[in-house]
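Student: Input: one structure, supplied below.
The values are calculated or read from the model by the stated rules, or taken from the named source; none is laboratory data. Keep in mind it's a predicted model, so treat the numbers as computed, not measured. Don't worry about glycine lacking a Cβ; one is built from the backbone with ideal geometry, like all the others, and counts go over all protein chains shown. Heads up: the accessible areas ignore ligands, DNA and RNA and are worked out on the full protein's heavy atoms, side chains in. Shrake-Rupley method; radii C 1.70, N 1.55, O 1.52, S 1.80 Å.
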Amino acid sequence: MGTDDVPLDDKAKRMRDLLSSFYSPDPSSTPNAPSKHGTLDAINTTSFDPDQYMNLLVQKSNLEALLKRHVEMAAEIKNLDTDLQMLVYENYNKFISATDSIKRMKSNIVGMEANMGQLLDKIMSVQSRSDGVNTSLFEKREHIEKLHRTRNLLRKVQFIYDLPARLGKCIKSEAYADAVKFYTGAMPIFKAYGDSSFQDCKRASEDAVAIIVKNLQGKLFSDSESIQARAEAAVLLKQLDFPVDNLQAKLLEKLEQSLWDLQLKTDEIENVSMDSNDPSKQGKVSDLSPTTAHEASVREFAEAIRAYRIIFPDSGRQLITLAQDLVINHFETTEQYVKRRISSANLLGVLRTIWADVLLMDEVLHEAVLPDFSLEAAQGAVKKYVASTFTYLLQDISDVLLRVNVSPKEAAEEHPLQVALEASRKAVLQGSMDVLLDFCQFLDDDLGLLVKLRDFIIDWVQEGFQGFLSALDDRFLLLSGRKNSSSPDQGLTEGAHSEKVLAGLVLVLAQLSIFIEQTVIPRITEEIAASFSGGGARGIENGPAFVPGEICRIFRSAGEKLLHHYVNMRTQRVSALLRKRFSTPNWVKHKEPREVHMFVDLFLQELKAIGIEVKQILPQGLLRKHWRSDSNGSTTSSRSNPLRDDKMSRSNTQRARSQLLETHLAKLFKQKVEIFTKVEYTQESVVTTIVKLCLKSLQEFVRLQTFNRSGFQQIQLDIQFLRTPLKEIVEDEAVIDFLLDEVIVAASERCLDPTPLEPPILDRLIQAKLAKLKEQNPITP
Amino acid sequence: MQGGSSGIGYGLKYQARCISDVKADTDHTSFITGTLSLREENEVHLIRLSSGGTELICEGLFSHPNEIWDLSSCPFDQRIFSTVFSTGESYGAAIWQIPELYGQLNSPQLERIASLDAHVGKINCVLWWPSGRHDKLISIDDENLFLWSLDCSKKAAQVQSKESSGMLHYLSGGAWDPHDVNAVAATCESSVQFWDLRTMKKTSAIERAHIRNANYDMKKKHILVTAEDESGIHIWDLRKPKIPVKELPGHTHWTWAVTCNPEYDGLILSAGTDSTVNLWLAPISAGDEPNSEA
């Protein structure tokens, strides 16, 4: 638009608006606004209402403004007129030039039609000529083509006829690849015409090919050929449609065969290494040769695998299983081997061999991840080894302990229990140390397999000790018969029938527990800290596998339990004796006492037996002949002593009534003398405890009976006799005195007529008994 | 004879071997006990815990002709109890009734309802059915088990049936199953025997030596607690008589008597010849609390 060039003043702007509104497709979009607003600008809109405009103008403006407006408007109108004129003029010019161009085009087109007609004629003539040439040459061309085909055919026939000879030549020069190429080339023809025209040819060449196949197979299987040659042979065979799978299977079979050979060799090596570990045959030469032989055969096997892989590149999976089978077999034999009793050096030897094998195989067959695979397997084997070692140790120790049951019967050893204790101590301590040393070898070895397993081994050893010691505790309890014999392993309690020996065994076990707690566990802890620390495979939250504190606690309580058990067993025997003594006779119709009853002898015999056992096992305590319970009110007990002694001396002679009063008085102090004290690990403490318990039982048995005078006197006599020998073996005389007095008091309480024996008679009877004992003494030492 | 430092005490004149709670007295906590004195005048004491629980009061004091070896209170009549007594040479058992008391304690005579006089040997105990009114009684002597039918109003007791325990089995005591009126456990030297009272035949046995005392759990069926000389206290499930369910260490010397708390599960009281009474909490681990002297 020409108006665009006009500087953008008010006028120009309005004009452009005007024009755009004129050209705009929808003129109704703007009209309403001005009428509504009624402004003076509405003059440019289509809905311009002159009357309204005038009214608005008149209303809004003063005269001066109106005049000014008038002048402006007049100028504007004039301008608009000129603009309009210019527009019309420009458009007219353009129209004229357009008319001129149309006129020129019309004149140019005339005359073109004639030229086109000429062109068509010429093209037609060219076509007809070319057709002519074509037809004239056709025959000759046909002929040439025919000749050409014949020639090709003849060449092929020639090739076929030559084929057998050519194949023969190839066989001679071992150019099997060419031969195969020729034969496969000729194959389609043979397929088409083999039965008719080329029969002879086909037969001859097939024969040749058969030779080739045979040669190739031979090549494939011969180990002397290079691997490349063998691989080529395999490829060629494949090209000849020979069933290669079959071959592959055969070859694989061969490999498996050699695998079995290898395995046998592993076994041999174990045997040999076992032999070589015998001190008699400790020769390095015998150790070396089988190992190297084995290594060589493994190397061979690895080579075979390498060849096989190259020959049959797609057979990886089978080979992997094969190799893994080998490793599995190795470890199976190892685990079998571990079941036998071997030292870790032996196992190390085996593992070393296996690892060497694995490394060799790994070079060849990397995909099989044999190291990882064997690591897993080795983990199992070593774990089993650790477990079985501990089992054997446990077995050893219980064997040593069970020997206690057997030996005293046959051998007249002086101190069977002491020997047993020493032996079992040694078995536990030495055994544990040996085991630790054994395991140390694993850690010290730098075999790749074991280095990776190091952390595991440390954990296993720690766990193993924890488990072993707990099991040992269980075994102790089982051996002592404290556990219910309904538990599965019955065979171990077979020694439990002979009670006497078992009691000694219990004592041995008690002392052994203490020994373990105080000596063995610190040693083990030390060793473990020295060689088996670390090992984080268990995770920190679980804590260390070996908790010496816990084990110590177990054994301390086991020791106490066993000691108590020993005391109980011994007391029970005496109890049975006493029960028989007191429940059999009719005490109300008892006869005058004539001598000390023989149950006293039996009782003292039992005590002597206990003394012998205890002396062998337990240490001697501090010599405290006049020891009194210091655990409970020692002041009152010492004060009550003279009073009680005083009372006792009289009670033997005085009448019952005053005695009763004194009994009550004594009761006031009864608690002060402590009967049931803690058992300690000394000869005296154990014996004293047993004696105390027996006397207490005696008292209770007495309290259950009713006596006549003679019965009471019999008791009095027996007790009086017991007094001296008991004091000799017991550390606390006061308690024994007290308990014996208690028995007499109880008997007098339960007596219809408690008249004690006169001291002279008592004395005479005791002397008689002593004399009798002396008489027997030379006979029974 | 003398309470522990923290307990309440009650003094008897002579030693006593037995005490029984008076189950039938639901208003008070009462006990009945009898003395064991060979040569003196024996007494039966009826003791009641005062309402404040701070004192033991003697409610009645009765003379008893002989020393008392066993005593048990009738579970349905607080005035009736049974005793086993000995003259020193022979044993007897009787059912007694406490006469009406009119406030005075002047040793009135006990009224003998019936005398269980079919025994020859040493009588060990008389059992009442612990769970309530039942007109039968059991008495056990060394060799025999007697079932009596008791008629309190007619003051008569008759032997209903009798069975010998068999040779070489000396019975020492027993317990009547509170859950089954026909089942009785009898302790003997080497086992606990279980009897069916309808047939008077042995049904089963727990083989265990030296059992002193046995007691059924009042709450749970099939649970029996036994006390043994040396090896403490065992809890048995009668359906599995081979192995004890639980083992408690017992006392430092013999464990003499054992009883289950009738209200609270797993509370077991035991008395031993080491002059202690231990209270056990058995279902959870054992916690003992030596309490007072017997």
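Student: Round to the nearest 0.05 the FRET efficiency obtained for A:K94 and A:K146 when R0 = 56 Å and r is the Cβ-Cβ distance.
Tutor: Approximately 0.15, to the nearest 0.05.
Student: Suppose accessible area is computed on protein heavy atoms with a 1.4 Å probe; arrange B:S30, A:S136 from highest to lowest.
Tutor: Largest accessible area first, the residues go A:S136, B:S30.
Student: In the range B:121-148, whose amide N lies under 11 Å from the spot 7 Å out along Cα-to-Cβ of B:V181? List them in ranges.
Tutor: What the label zone holds, given the 11 Å backbone N cut-off, is B:129, B:131-136.
Student: Quick check: with the 1.4 Å probe, what order do A:H597, A:H564, B:H253 take by accessible area, largest first?
Tutor: Accessible-area ranking of A:H597, A:H564, B:H253, largest first: A:H564, A:H597, B:H253.
Student: Cross-link candidates for A:K68: which lysines have Cα within less than 26 Å, leaving aside residues fewer than 8 places away along the same chain?
Tutor: A:K11, A:K13, A:K36, A:K60, A:K78
Student: Rounded to whole Å, give me the distance from the Cα center of the range B:60-82 to that of the range B:249-281.
Tutor: Taking the Cα centre of each part, the range B:60-82 and the range B:249-281 sit 23 Å apart.
Student: Okay, moving on. So between A:S61 and A:K169, what do we pick up on full extension, going 0.36 nm a residue minus the alpha carbon distance?
Tutor: 26.1 nm
Student: Set the bar at 21 Å for Cα to Cα. Now go through B:K122/B:K221; B:K154/B:K201; A:K692/A:K769; A:K608/A:K692; A:K615/A:K774; B:K154/B:K202 and name every pair that lies beyond it.
Tutor: Flagged as over cut-off: B:K122/B:K221; B:K154/B:K201; A:K692/A:K769; A:K615/A:K774; B:K154/B:K202.
Student: Calculate the spin-label point distance for A:Q441 paired with B:E189, positioning each point 7 Å from the Cα along the beta-carbon direction, and give it in nanometres.
Tutor: 6.0
Student: Additional query: Calculate the dipole size of chain B relative to its Cα centre from +1 charges on Lys and Arg beta carbons and -1 charges on Asp and Glu beta carbons; express the result in debye to the nearest 20.
Tutor: Computed about the Cα centre, the dipole is about 780 debye.
Student: Evaluate E = 1/(1 + (r/R0)^6) for A:K591 and A:I612, where r is the Cβ-Cβ distance and R0 equals 45 Å; express this FRET efficiency to the nearest 0.05.
Tutor: In this case the efficiency is close to 0.80.
Student: Where does each of A:745-755, A:298-308 land if you order them by average Cβ count within 10 Å, highest first?
Tutor: Top to bottom by mean Cβ count within 10 Å: A:745-755, A:298-308.
Student: Something else: Just the accessible area for B:H251, please: 1.4 Å probe, Å², rounded to the nearest 10?
Tutor: In the full protein context, B:H251 sits at about 20 Å².
Student: Also, quick follow-up: Can you give the accessible area of A:Y176, probe radius 1.4 Å, in Å² rounded to 10?
Tutor: 20
Student: Between A:Q767 and A:K580, 0.36 nm times their residue separation minus their Cα-Cα distance comes to what?
Tutor: 64.7 nm
Student: Right, something else. Which value, in Å² and to the nearest 10, is the accessible area of B:V159 when all protein chains are kept and the probe is 1.4 Å?
Tutor: Result for B:V159: roughly 70 Å² accessible.
Student: What FRET efficiency do you get for A:Q85 and A:R14 if R0 is 30 Å and r is their Cβ-Cβ distance, rounded to the nearest 0.05?
Tutor: Rounded to the nearest 0.05, the efficiency is 0.95.
Student: Note down the relative contact order for chain B as a percent, whole number, built from C-alpha pairs under 8 angstrom at least six residues apart.
Tutor: Result for chain B is 9 percent.
Student: Turning to a different aspect of this structure: Considering only C-alpha atoms, what is the centroid distance from the range A:706-761 to the range A:95-131, in Å?
Tutor: 165
Student: What nm value, rounded to one decimal, do you get for the distance between B:S153 and A:V133 when each label is placed 7 Å out toward the C-beta?
Tutor: That separation, rounded to one decimal, is 15.6 nm.
Student: Of B:Y216, A:Y193, which has the most accessible area with a 1.4 Å probe, and how do the rest follow in descending order?
Tutor: A:Y193, B:Y216
Student: Modelled label-to-label distance, A:L120 and A:R69, 7 Å Cα→beta-carbon offset: nm?
Tutor: Label at A:L120, label at A:R69, 7.8 nm between them.
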